[in-house]
Amino acid sequence: MPLRRTRSAQAPPQRSNRPRWFHPLKHHNYRLFLAMQLAGSLGVWMQRLAQDWLVLQLTGSPAAVGAAVALQFLPMLVVGPFAGLVVDIFPKRRIMMVCQSIMVLLGLGLAAWAASGAITVWVVYASCMALGVTAAVDQPARQVFVNEVVGDAALRPAIGLNNALAQLGGMAGPALGGILIAQAGPAAAFASNAVIGLVVLGLAAGIRTHELHPGTSPERGRGQVLAGFRYVRERPRLLLLILLAGLLGAFGMNGPVVLAAFAQDVWHNGAEGFGLFNMVSAGGALAGALLAARLGTMGRKGIVAAAGLFGLSQLVAALMPTLGLFVAMLAVVGTMTLLFLTSAATAVQLEAGPAIRGRVMALYLPLLLGGHACGGLLAGWLTEQFGVRTGLVATGALGMLSAAVVGFLLWRHARRTAAATRG
């Protein structure tokens with residue numbers, strides 16, 4: 001008679017040593033930090049959208065909106081490398097609090113000026129530039145601060161959740177801003193950003209500094225600003241991922257210009273439609289954020305595929321013949337946007353060493369958002385010259401082409417590396 005294996009004799013189930021995606025939420029500081037990240041991202045993107053809409057109201061020109069978008073993000077290309085060194089050297093919590101205080105003042109100032117009725121487009125342009133410079137320092141600090149909050153044990157899922165929440169705020173902020181603008185005007189959106197900024201400062205004050213895991217700061221010196229460039233240049237796979245983010249920023253991150261133009265010129269539903277479009281995109285972004293957090297770190301093939309689908313979804317949205325189908329496709333665009341942005345940012349951050357992570361992210365973010373600035377100008381010009389639909393078709397196709405080219409270069413680099421290893 002064959003012996004039966006008892007439960008105790010059975011081999012124990014194999015468990016992965018990799019932390020689960022929700023593991024970092026056990027940290028008190030990390031929960032506060034995620035709330036900071038979501039609220040801060042909501043507020044700053046709400047302000048950006050309100051600035052873009054106010055410029056459109058004051059000028060009636062999509063190209064002028066493109067200029068406003070450029071002024072918000074082009075400063076990052078100049079300030080970014082220096083901001084990365086600042087982030088690697090100085091306490092990141094203090095940097096975030098200073099930057100958030102500046103954003104509160106900008107929100108309050110624009111709210112008062114817009115409510116007075118005396119605001120001009122040049123005032124809005126000045127605010128766009130000030131916000132761009134501040135964000136160039138604040139955003140790398142937020143990206144890297146997660147390392148100090150959770151330490152090494154839960155770093156991978158913590159970075160993924162952090163990027164997902166940051167990108168989700170970037171999609172939901174315009175949606176909330178669109179609703180506020182439709183109901184109460186741009187001044188209400190500016191004032192709301194100021195209030196959100198005060199909430200973020202309160203959350204930052206609640207972080208337990210004695211529980212942080214400070215990293216190693218680099219030595220201060222003239223060559224340290226260029227260290228990030230050298231680090232990325234010597235790692236072709238990292239360089240190509242950053243390049244892909246910049247290209248998708250230029251050809252895909254043009255929502256404020258495109259959605260405002262669709263609301264005004266195609267569907268003729270004004271601020272209400274603008275708010276609806278952004279809200280639906282934010283709903284899709286929530287799905288993309290949850291999917292990205294659940295998947296964890298995607299491989300390079302997955303990131304390239306997400307980039308290609310991002311461009312394809314934009315192209316299809318541009319061709320939708322009815323408002324209902326267009327709105328449905330916006331949800332798909334939002335999902336693919338978050339899936340690509342979260343996976344790309346997580347991969348770049350994890351490939352960079354802790355001591356230089358701030359400078360690497362200070363190259364990645366300015367290239368992504370600087371591409372966004374150039375994309376705003378490109379989308380504005382294409383919209384005025386060839387029409388809204390043609391402009392979105394063109395940028396979607398360029399996004400797909402960028403994904404294909406970068407995917408080919410990554411494949412070729414992998415083959416060369418494999419051949420060199422065998423040799």
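Of note:
- Of the residues 320, 279, 336, the one with the fewest other Cβ atoms within 10 Å heads the list, and the complete ranking is 320, 279, 336.
- Dipole moment magnitude, nearest 20 debye, segment 90-205 about Cα centre, only Lys, Arg, Asp, Glu C-beta charged: 100
- Shown here are the Rg and Dmax of the Cα trace of segment 267-403, at 16.0, 51 Å.
- Cβ-based exposure ranking for 348, 232, in which fewest neighbours within 10 Å come first: 232, 348
None of the figures in this text is laboratory data; all of them are computed from the coordinates on show. Bear in mind that the values here come from a model prediction, so they are computed numbers and not experimental data. Glycine gets a Cβ as well: all are built from the backbone with ideal geometry, and neighbour counts include every protein chain shown.
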